[in-house]
Amino acid sequence: MSVTVTRWWWIRHAPVIDDGGCFYGQADLAADTGDIAAHRALAEALPPDAVWVSSHLRRTRQTAAAIGAAGYPLPEVTPHRDLAEQHFGDWQGEPRAPFYEKYGGFRDFWMLVLDRAPPSGESFGDLRIRIGAAVQRLSAEHRGRNIVAVAHGGTIRAAIVGGLDLPSPLALSLTIGNSSLTQLDLVEEPGRGARWVLNLLNGYGVAGLR
């Protein structure tokens, strides 16, 4: 019996045009897709036979369209709400700076929301569970395929630490830049079960990875 590899190509959306210095999470803000070179590099790197998915938010769909415009033969991109960014609840639309000051700085704030959900929102732990379930479902639906997922920084960090079974605080040490590529394989081997392999993290200009 042969090894089955389901290969995930995670792309973080292009930069948000204007967040006003506020938390935006699942707010439906637009992306600046003007970096043609970045999208051309992605178009050249991605396999042509892939299933394409995204979150339901506009910035991911705009980024997928920009990769298509840069030369990739883009199929239908199916949006999934469970691939969305962490929901900041009542904090969405509120300025970030006062929260960082109140809770002890950038890192201390993000450590806080690893396990503590904002009012009417979700913690990173909640996000990790949501993304893990979505990845498991889509991996089963498209077993053995290439899956291109245009999503968000938090989504991709959750997929990495969840797949590799890492402590959630390590997610804060992962850089996931806009329009970057991260590649994870779900490897299923007879007699050994399934395991995740991280091949690429936060890559740019990575043509030739197919």
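Listing for the model above:
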| item | result |
| --- | --- |
| Separation in nanometres of the label points that stand 7 Å from Cα toward Cβ, at residue 100 and residue 81 | 3.2 nm |
| Net +/- balance of residues flanking residue 63 in space, Cβ distance below 14 Å, scoring K and R +1, D and E -1 | +1 |
| Among beta bridges that DSSP assigns inside the chain, antiparallel share in %, nearest 5 | 60 percent |
| Neighbourhood net charge (10 Å Cβ-Cβ; Lys/Arg +1, Asp/Glu -1) for residue 153 | +1 |
| Residue-averaged [θ]222 nm for the chain, counting only DSSP H segments that reach four residues, each worth -39500 (n - 2.57) | -10000 deg cm²/dmol |
| Total formal charge among the other residues, if their Cβ is under 14 angstrom from that of residue 169, Lys/Arg +1 and Asp/Glu -1 | +1 |
| Most fluctuating residue given options 105, 125, 144, as computed from a GNM of the chain linking Cα atoms under 10 Å | 105 |
| Computed over the chain, Kirkwood Rh from alpha-carbon pairs, angstrom | 17.5 Å |
| Loop-resident sites, segment 36-85, for GluC sites (Glu not before Pro), counting at most 14 other Cβ within 10 Å (DSSP) | 76 |
| Alpha-carbon gyration tensor eigenvalues x 5, square-rooted, for segment 1-63, Å | 28, 16, 9 |
| Value of relative contact order over the chain, rounded to a whole percent, pairs C-alpha under 8 Å and six or more apart | 34 percent |
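We did not get these values from a lab; they are worked out from the coordinates using the rules stated. Predicted, not measured: the structure shown is a model, and the values here were computed from it. Cβ coordinates were reconstructed from backbone atoms using ideal geometry, including for glycine residues, and neighbour counts include every protein chain displayed.
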